[in-house]
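Input: a single structure, listed below in structure tokens.
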Amino acid sequence: MFFFVMGAVPAFSSAKDYGSLRSPDLTKRREDDKLGLIIRANVEAEVYINGQYSGKTPFTSLDFGPGYYNLELRKSGYDTIKCRINLRNRYTSVYEFELEEVKGYINVKNAPSGSSIYIDGTSYRLFPVEVKPGNHTVKVRKFGYEDFIEYVSVENHETASVYVRLQTAPFKITNFRISKSTINPDYTSGIGKSTFSFSVTNDGSAVINVFDRYGNEVWSHNFNSFSTWEQSVTWNGTTNYGEKLPDGQYSVCLTSDKFEDSYSIKIDRSIIYPLSSFTPSGSGIGSLPCAFGDMVNYTKIFVDFGGIMSGDGDHFESQSFPVTAGLIVDFAKSFELTASAGTFITGKDQDNPIAASVSFKKNFSFILGPAMKFNLAGLMNYNFCSDYYFGFLGSNIGTGFGLGFSAGFETKMIYLGLTGEYSFGATKIKPAKDLPESFVEAEDILKYGLVATMLPWRNLKTGAWVACYNNQVLEAGGQVIAMPGTGAFCCDVRASILADLSSSDKNISLNAMFGLSYLF
């Protein structure tokens, strides 16, 4: 009896740690004297037998002898299952398990109708809400009331209730701001207007006034009541009667019974959208990126399309019809990001090459006088093309990383500049006849050139450029960029010719492109 009791004590303790004894499905009687074990679960779980990792579900084994074993199923995000199993000779014991996700619930009660309820920053409307066990933040908002915030701890498979108690908020104005401190009212969008905005806590009234430098009111807007937190109004540099105001410094004032704040805003018609086109290395003229001293932040979306013809000077044939789309983002008035993707439609029995590029440009401007400045820009880019044979002489297209610089003198009407770029492994050399077709050698590209532009009118720019590639390929072209009307749509037309100077054959390519863009 003593030995029976002493043997039963550890067995009872182990069973207590691992839960009750699970009965297997023993319908699969074996034809041999061995035993089998099959463990299945509703999710893939780790299997531990007697504390040792044995595999993952679905788990099958013939390596165990008869007797009792401690089984454990573990999976992150699910409750761990612990039990004891009994294996018998001449049977394959099959165990089926259902693991439950580790989760709890939050129920929000007494929230007034129309309230906005957030749990950890995410908005919810129906409750209770399923969450992971742990600490959570409940926030309830309703216009005219103070925000209600409560921190709650949720236990596994339990529901934590939050009882909302809102208190009326006194009327207060905060976070008064303007979107642009300089505008040009000659434009109807983008840099042609500024948005004045602020936040309120309850119903009330306020007024925004714009005064000229002499203190005369030139524009005003009344807010007679409020029904939500965020308020805004847009001013386009005109009077209340729609008359455009002259250049100069103005004051924007927001006042109410208990609040007053102001900002300075400037009307400056010398601030204009930059007229430029897309290159794989950033905005520029033709195929050359330029160090323009842009005075505004903008985002431009564009699409370019056109045609490329190649020949020997006497006879030309169509090579491809390129189409490219992308965007240019100018931020902090000196940084620029450019990304594009496109294809070259050949119209032949071959795949149309896919091309893409991404570039970064940093501009520096140095004022030389009242009407002249010197600009510098550093360039980085990465270009990709799916066909290393494609493109005239491999000069404009390829796959590789590039670095470069651009410099130029700029006045209100004229820009004169130069650009140098070096692309590492930008193109691939077509293998010689005596080499296998799979042999391809990468070729770096050194590209440099000059560009000149003229801005006879604010909405029209003409330009010309000349460039050289590896002292072998010469490119020359011209471009016209226009922004019709007072909006932000641009169109440009450019044409160029490329000639191979290293070959006795007259290898020539004629390119014509048309571009459309919109500036925000």
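Quick notes on this structure:
- The set of residues in the range 465-488 that are open to solvent by 30 Å² or more (accessible area, probe 1.4 Å) and among the aliphatic types (A, V, I, L, M) comprises V466, L474, A476, V480.
- Residues located in the range 219-235, provided they are assigned to a loop (DSSP other than H, G, I, E, B) and over 36 Å from the mean Cα position of the chain (by Cα): N224, S225
- Candidate set from the range 20-34 (those that are charged (D, E, K, R) and either closer than 12 Å to I85 by Cβ or assigned to a loop (DSSP other than H, G, I, E, B) (or both)); member that is most open to solvent (accessible area, probe 1.4 Å): E31
- Test result for Y241, within 30 Å of A488 (Cα to Cα) and in contact with a Lys or Arg (Cβ under 9 Å, 6 or more places away or on another chain): no
- Members of the range 35-79 found to be open to solvent by 70 Å² or more (accessible area, probe 1.4 Å), assigned to a strand (DSSP E or B) and closer than 26 Å to N156 by Cα, listed by number: R40, Y53, K56, R74
- Tallying residues that are open to solvent by 20 Å² or more (accessible area, probe 1.4 Å), modelled with pLDDT under 90 and either small (G, A, S) or under 22 Å from G284 (Cα atoms) (or both) within the range 489-510 yields 6.
- Candidates K361, K333 - the one that is under 23 Å from the mean Cα position of the chain (by Cα) and open to solvent by less than 40 Å² (accessible area, probe 1.4 Å): K361
- Some residue of the range 50-63 being closer than 19 Å to V102 by Cβ and of a type in the set (D, E): no
- Flag if D387 is acidic (D, E), over 22 Å from T411 (Cα atoms) and buried (at least 18 other Cβ atoms within 10 Å of the Cβ): yes
- Of all the residues in the range 80-89, those that are surrounded by 13 or more Cβ atoms within 10 Å (Cβ to Cβ) and polar (S, T, N, Q) number 2.
- Residue within the range 292-301 that is within 21 Å of A452 (Cβ to Cβ), open to solvent by 20 Å² or more (accessible area, probe 1.4 Å) and of a type outside the set (K, R) present: yes
- Selected residue (criterion: farthest from F278 (Cα to Cα)) from residues of the range 511-520 that are surrounded by 17 or more Cβ atoms within 10 Å (Cβ to Cβ) and in contact with a Ser or Thr (Cβ under 6 Å, 6 or more places away or on another chain): N511
- Filter result for G378 (closer than 26 Å to L446 by Cα and touching a Lys or Arg at 6+ places or on another chain (Cβ under 8 Å)): yes
- Only a single item in (1) out of contact with any strand residue (DSSP E or B) (no Cβ under 7 Å at 6 or more places or on another chain); (2) aliphatic (A, V, I, L, M); (3) under 30 Å from L37 (Cβ atoms) is not met by L126, and it is number (3).
- Flag for G192 being touching a residue at least 60 places away in the same chain (Cβ under 8 Å) and either over 24 Å from S517 (Cβ atoms) or small (G, A, S) (or both): yes
- Number of positions in the range 215-257 that are out of contact with any Ser or Thr (no Cβ under 7 Å at 6 or more places or on another chain), open to solvent by 40 Å² or more (accessible area, probe 1.4 Å) and touching a residue at least 12 places away in the same chain (Cβ under 8 Å): 8
The values are calculated or read from the model by the stated rules, or taken from the named source; none is laboratory data. Keep in mind that what you see is a predicted model, and the values were worked out from it rather than measured. With ideal geometry, Cβ positions are generated from the backbone for all residues, glycine too; neighbour counts draw on all protein chains shown. Accessible surface areas use protein heavy atoms only, side chains included; no ligands, DNA or RNA. Shrake-Rupley method; radii C 1.70, N 1.55, O 1.52, S 1.80 Å.
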